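As structure tokens, the structure follows; a few thoughts come after it.
Readers should treat all values here as calculations from the given coordinates under stated rules, not as data from a laboratory. Because the structure is predicted, anything quoted here is derived from the model rather than measured. Glycine gets a Cβ as well: all are built from the backbone with ideal geometry, and neighbour counts include every protein chain shown.
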Amino acid sequence: MSSLAPNYKRKNLSFVKGKGSFLFGDDGKKYLDFVQGIAVNSLGHTNKKLVNAISKQSKKLWHVSNAFKIPEGEKLAKKLTRRTFADSIIFQNSGAEATEAAIKVARRYFYSIGKPNKTRIICIKNSFHGRTIAAIHASGSKKMTLGFGPKVPGFDHFEFGNHKKLKRLINKNTAAIMIETVMGEGGIKVVPAWCLRELRKICDKKDILLILDEVQCGIGRSGKFFAFEHSKVKPDIVPIAKGIGGGFPIGAVLMTKKVGKAMVPGTHGSTFGGNPLAMAVGNAVLDQINKNLLMNVNKMSKYFIHELNKIKIKYPKIIKEVRGVGLLIGLQLFKDQTEFIKKLMENKLLTIRAAENVIRILPPLNVTKREIDIALKIISKVCNKIK
Ligand SMILES: *Cc1c(COP(=O)(O)O)cnc(C)c1O
């Protein structure tokens, strides 16, 4: 019996090695990994430049307290602010911490300008912002909050697409609207560009901050650095994590100058957040999220989605919809996806579930056409078998 708690339903498979898009199982088989730690290994497994960066830094310095200056963090923050809407950044270690920090920033901003009652956060029902106590209540998911009461106050929920309800929820105490630009766990649901623009307008009019959770869809995954860039909307606060560490735990909250100013000494902190080892890896990841890589994401995405739609047409009773953006792709089935995912795995393609019968497909951003062709072949084969 395992000494690990039973909080995960794990597959009976572990891995001994990873290289690029592939994982090598303890069963002696080679798997095409289109999970990549759930959009975490943005550059694939054991990326050479990341291996070099972590090796080099590990011989110099791992950790110092945030009571001291950390030049590697200054450098990464500078690169992020140069490339994005953000003017200032706080580093964390995970996505949930980043969304928590985003909530804190929104509330503290209004406190700092003499509006301490503006604390409420409006979120989408059954979204995903992480597993801490505040984040599960932000998600508004019955399943995730079950048994973890009392309910954390301060969150209001509307259903994806229910704009009337959203407008009704807004009042003078609303501090922020926090949504995922693309709902990941919720089933790869892309918030349309016109919705984001409309949201921005509402936020401006009602003195509300716009928080866009890009923990899963950010850092190149969508084909642009941030998924909201497709709409040209500028958010106020953006939590990130997953892809920025390339496999090393890094989270961060990105902010405009306006709200970042509120985070004066003592308002927030983290023992590990932004330590030299993490920052060395983050810098090496970010340096590789360049124009060429984003071009690859767009090119591969177009090809992959086009070919998946061909499979959908061939098997109209199995695949309901192919959706997503960039290399955040969802294959929605008509029925439960468990069996399908299992069969893909038996054929050595790893994918992962999301809500609404969706199979999530998350290749590394540097995936090749040859690798996508392998995946397509396996998906076709499983469709044919399951029919
Ligand atoms: C994964 C995820 C989180 C939580 O990240 P953790 O690192 O697991 O805490 C938050 N928001 C979104 C959109 C995510 O996909």
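Out of 42, 384, 251, whose Cα points farthest toward the positive end of the dipole of the chain (charges: +1 Lys, Arg; -1 Asp, Glu; placed on Cβ)? In the chain, that residue is 384. Sorting 106-115, 318-327 by their mean Cβ neighbour count within 10 Å, with the most densely packed peptide first, gives 318-327, 106-115. Computed on the Cα atoms alone, the convex hull of segment 178-324 gives a volume of 139 cubic angstrom per residue. Within the straight-line cut-off of under 24 Å between alpha carbons, the lysines reachable from residue 29 are 9, 11, 17, 19, 48, 342, 343, 348, 369, 377, 381, 385, sequence neighbours fewer than 8 places apart in one chain being disregarded. Extension gain, residue 268-residue 1: 0.36 nm per intervening residue step, less the Cα-Cα distance, totals 92.1 nm. Among residues other than residue 24 with Cβ under 9 Å from its Cβ, the summed charge is +3 (Lys and Arg +1, Asp and Glu -1). For residue 353, the residues 5 or more places off, or on other chains, whose built amide H falls under 5 Å of its own are 360.
Placing dummy labels 7 Å off each Cα toward the beta-carbon, the span from residue 142 to residue 310 is 4.3 nm. Against the main long axis of the alpha-carbon atoms of the chain, helix 193-206 sits at an angle near 10°.
With Cα atoms as the point set, segment 277-335 shows a radius of gyration and Dmax of 16.1, 49 Å.
Could you work out the relative contact order of segment 133-279, using alpha carbon pairs under 8 angstrom and six or more residues apart, expressed as a whole percent?
15 percent
Computing Rg and the Kirkwood Rh from the Cα coordinates of segment 248-387 gives a ratio, Rg/Rh, of 1.11. Summarise the long-distance tail of P(r) for the chain by giving the % of C-alpha pairs beyond 29 Å. Distances greater than 29 Å cover 43 percent of the Cα pairs.
When the Cα positions of 340, 105, 212 are compared along the charge dipole of the chain, 340 comes out farthest toward the positive end, with charges on each C-beta of Lys, Arg, Asp and Glu. Helix 276-286 and the longest principal axis of the Cα set of the chain meet at an angle near 60°. For segment 1-122, the Cα-based Rg and Dmax, in that order, read 20.2, 62 Å. Per-residue Karplus couplings for segment 60-77, computed as 6.51 cos²θ - 1.76 cosθ + 1.60 with θ equal to phi - 60°, are listed in order as 9, 6, 9, 9, 9, 6, 5, 6, 10, 5, 10, x, 4, x, 4, 5, 5, 4 Hz, Gly and Pro entered as x. Report relative contact order for segment 2-77 in percent, whole number only (criteria: Cα-Cα under 8 Å, sequence separation at least 6). It comes to 18 percent, rounded to a whole number.
Relative protection proxy for 273-280, 365-372, from highest mean packing down: 273-280, 365-372 (other beta-carbon atoms within 10 angstrom). Looking only at segment 49-288, where both bridge partners belong to it, what percent of the DSSP beta bridges are antiparallel (to the nearest 5)? Antiparallel bridges: around 40 percent, rounded to the nearest 5. Taking the Cβ of residue 46 as the center, what net charge do the other residues with Cβ under 10 Å away carry, scoring Lys and Arg +1 and Asp and Glu -1? Result for the local shell: +3. Summarising the overall dimensions of segment 70-130 from its C-alpha atoms, the Rg and Dmax are 14.1, 40 angstrom.
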